[in-house]
Amino acid sequence: MPQKPQPPPFDGILVVDKPRGKTSHDVVESVRRLAGFRGIGHLGTLDPLATGVLVLALGRATRLARFYGGRRKRYTCAVRFGFATDTYDADGEALGLDSAPALTAEEITGLAARFVGKIQQMPPHFSAKKIHGRPAHELARKHKPVKLEPVDVEVYEFRLTGIEGSVARFAVECGSGTYIRSLAQDLGKLHGAGAHLAEIVRTAVGEFTLDQAVSLAELTEEARAGRFLERVICLENLLPELPRATVLPIIEKRVRHGAKFNLPLTQIQPGQATAAQGAPAQLDSGDWKPSRLRVFNQQGRLIAIAEPVVPRTYQPVVVLEVAP
């Protein structure tokens with residue numbers, strides 16, 4: 001008789017402060033070793049140069065990844081003017097001599113403002129963007145042709161926060177898919193002296209902020225002390241902006257089988273989109289989103305995410321606890 005699959009030891013979200021020099025995959029592998037299971041993925045990669053918020057989904061939380069795809073992101077970054085690089089950041093090869101230009105706040109503020117709004121952006125050649133199924137950076141490192149197309153992205157804020165010599169510092173808020181490296185590259189091109197991304201810290205991904213993040217060193221100590229779970233945001237506390245409903249056992253059975261179910265409006269409680277300090281005021285980009293619903297059972301467990309098909313009738317689109 002086949003063995004019943006064992007549930008993962010942890011379900012939820014873990015916010016990690018990624019160190020410089022490590023890839024997002026490196027961090028996932030480190031957390032897998034600490035957690036003792038492999039069912040862990042990340043909700044959006046960070047370059048090795050970058051530090052800051054890397055959101056990991058553990059166990060059944062990986063099934064909620066689709067609902068985080070449109071989350072806005074916030075960064076602080078430093079852009080070095082004077083020369084561009086082949087990777088658009090400080091890890092690349094310089095594409096010219098350093099002209100070390102003198103910068104003025106008025107000029108840089110005016111140039112940055114031209115990138116706020118919906119813009120077309122060319123992804124870096126040294127990126128994970130796929131070309132015929134292969135990451136662009138693999139081709140670029142082998143000096144093979146890299147043909148990328150510009151993509152539509154949205155920048156909500158590109159605000160100058162300081163100037164130190166030929167380095168300008170910015171606060172950025174943008175939609176998913178935006179490359180801050182490309183912003184730096186394009187800003188330098190517009191300025192005329194060239195530029196590259198010298199430093200970058202991701203301070204927020206939607207509601208998940210740097211204040212919540214744990215370093216790998218801290219997480220290692222807490223795992224040794226048996227406190228790993230204390231850092232995990234449980235399933236029931238995820239997607240709080242969505243309305244919720246607690247269903248009776250007869251409805252729970254239908255939900256667990258993925259069947260449509262009916263709910264009176266009086267049974268639905270509104271979501272609570274309270275933004276944490278440092279998070280974007282609006283969690284998602286402006287794209288339309290269906291009226292999703294979190295479904296809980298009588299024991300207070302999140303069992304599904306559903307969408308309306310007709311008024312008061314819902315269809316589960318993700319079932320977290322399926323019927324045995």
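The values are calculated or read from the model by the stated rules, or taken from the named source; none is laboratory data. Not measured: the values here are computed from a predicted model. Note: ideal-geometry Cβ built from the backbone for every residue, glycine included; neighbour counts use all protein chains shown. Calculation scope for accessible area: heavy atoms of the full protein, side chains included, ligands and nucleic acids excluded. Shrake-Rupley method; radii C 1.70, N 1.55, O 1.52, S 1.80 Å.
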I'd like to know if the stretch 182-200 contains one or more residues that are at pLDDT below 95 and open to solvent by 20 Å² or more (accessible area, probe 1.4 Å). no
Given the residues 102, 78, 57, 94, which is the only one that is open to solvent by 40 Å² or more (accessible area, probe 1.4 Å) and either closer than 30 Å to residue 13 by Cβ or without any contact (Cβ under 8 Å) to a residue 24 or more places away in the chain (or both)? 94
Out of 252, 241, 321, which single residue is among the acidic types (Asp, Glu), assigned to a helix (DSSP H, G or I) and touching a residue at least 40 places away in the same chain (Cβ under 8 Å)? 252
Given (1) over 30 Å from residue 214 (Cβ atoms); (2) of a type outside the set (Lys, Arg); (3) free of Cβ contacts under 8 Å to residues at least 60 places away in the same chain, residue 272 misses just (1)
What are the residues in the stretch 68-114 that are within 28 Å of the chain's Cα centre (by Cα), aliphatic (A, V, I, L, M), closer than 20 Å to residue 165 by Cα and not in a loop (DSSP other than H, G, I, E, B), if any? 78, 79, 108, 111, 112
Test residue 298 against the stated conditions and say whether it is assigned to a loop (DSSP other than H, G, I, E, B), modelled with pLDDT of 95 or more, open to solvent by 50 Å² or more (accessible area, probe 1.4 Å) and touching a helix residue (DSSP H, G or I) at 6+ places or on another chain (Cβ under 7 Å). yes
Restricting to the stretch 66-84, and then to whatever is of a type in the set (Ser, Thr, Tyr) and modelled with pLDDT of 95 or more, can you tell me which residue is nearest to residue 123 (Cα to Cα)? 75
Considering only the stretch 9-39, how many residues are touching a Pro at 6+ places or on another chain (Cβ under 9 Å) and of a type outside the set (D, E, K, R)? 8
If you take the residues of the stretch 276-295 that are under 22 Å from residue 264 (Cα atoms) and either in a strand (DSSP E or B) or hydroxyl-bearing (Ser, Thr, Tyr) (or both), which of them is modelled with the lowest pLDDT? 291
Which residue is nearest to residue 13 (Cα to Cα), if the candidates are limited to the stretch 174-226 and must be in contact with a Leu (Cβ under 6 Å, 6 or more places away or on another chain) and of a type in the set (Gly, Ala, Ser)? 206
